[in-house]
1. Which of Leu136, Ser111, Gln212 sits closest to the plus end of the dipole of the chain, meaning its Cα is farthest towards the positive end, when Lys and Arg get +1 and Asp and Glu get -1 on the C-beta?
2. Using only the alpha-carbon atoms, how far is helix 4-19 inclined from the longest principal axis of the chain? Give it as 0 to 90 degrees, nearest 10.
3. Per the Kirkwood treatment, what hydrodynamic radius in Å, one decimal, follows for segment 77-154 from the mean inverse distance over all distinct Cα pairs?
4. Among the lysines, which have Cα under 21 Å from the Cα of Lys88 when same-chain residues fewer than 8 positions away are ignored?
5. Would you mind computing, in nm to one decimal, how far apart the modelled labels at Ser40 and Gln148 are, each placed 7 Å from Cα along Cα→Cβ?
6. Could you report segment 153-204's accessible area per residue, 1.4 Å probe, as an integer in Å²?
7. Solvent-accessible area per residue for segment 73-143 at a 1.4 Å probe radius, Å²?
8. In whole angstrom, how long is each semi-axis of the equivalent ellipsoid of segment 187-256, when you take the square root of 5 times every eigenvalue of its Cα gyration tensor and sort them from largest down?
Amino acid sequence: MRRRWFSLAAAALLAAITLVPAAPALAAPTFKVPFPCGQSWSGQTRSDHSPAYAIDFNRTDDLGDPVVASAPGTVDRVTDLGGTSYGKYVRIDHGGGYTTYYAHLNGFNVSVGQSVGYGKVIGWVGSTGGSTGPHLHYEQRLNGNDIQARFNGALALYWGTKTYTSDNNCSTTGSGTVNTAGGDLTVRSGPGTGYTAVGSIADGTRVTIYCQTSGTSVTGTYGTSSIWDRIGSGRYIADAYVYTGYDGYIPNVPRC
Ligand SMILES: [Zn+2]
């Protein structure tokens, strides 16, 4: 501060802000299915569940599968109740009175006070507490009361079993690094060697991949593949020369 009146003015402003009446209740967070992008899980609701609106999630061989935050927030409980009730559970505070619960976990991947975003792995599916087999017990609560769960604003099925496919933290683009072991890589107007060359990319260049599709088969640095990566409008490169970290298609990147 250069002059004293600045801080006086700031103090007056702060007082004015403090006196503004409380805002109306915040809109609910956009909750996502609490599993990684693309996974499908069977979610069961039943009226004799405790609490009634909780969802039990299962899929084949789910023991140890990652459980992710269904919305951004702050972890406010990481608790082990032993062989009763929730067993190992995590609670996330999403603000506005909204919380989510993730129970019967096998283990924890977060600690109290930690900020989490969509898709953050918070723990793993287990069968701790009062559970007879591996599953995720999941709840959404408002001001401490359990509420009927919503994913992307759509009400879950009450009552019954339904398959929910996660779009939690799905990315819309991928990335990779061109590796030709020397020369430039030809960019084509379409997904194949028969398409017109529209440019070239130097070895080692980092590229954004907007979508992937199947085209002519190419043998490159990473073996033989018919996958082509679209790196711009009318610009395709053979995935066999791109390090993406994945064999085959990159999860979450759309097909062209
Ligand atoms: Zn349950």
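The values are calculated or read from the model by the stated rules, or taken from the named source; none is laboratory data. Everything quoted here is computed from the prediction, not taken from an experiment. Quick reminder, even Gly has a Cβ in these numbers, built from the backbone with ideal geometry, and neighbours come from all protein chains shown. Quick note on the areas: whole protein, heavy atoms, side chains included, nothing else; ligands and nucleic acids left out. Shrake-Rupley method; radii C 1.70, N 1.55, O 1.52, S 1.80 Å.
1. Toward the positive end, the furthest listed residue is Ser111.
2. Taking the Cα atoms of the chain, the angle to 4-19 is about 70 degrees.
3. 12.9 Å is the Kirkwood radius here.
4. Qualifying lysines at Cα under 21 Å: Lys120.
5. With each label point 7 Å from Cα toward Cβ, the separation is 2.5 nm.
6. Each residue of segment 153-204 exposes 51 Å² on average to a 1.4 Å probe.
7. 38
8. Over the Cα atoms of segment 187-256, the semi-axes work out to 16, 13, 13 Å.
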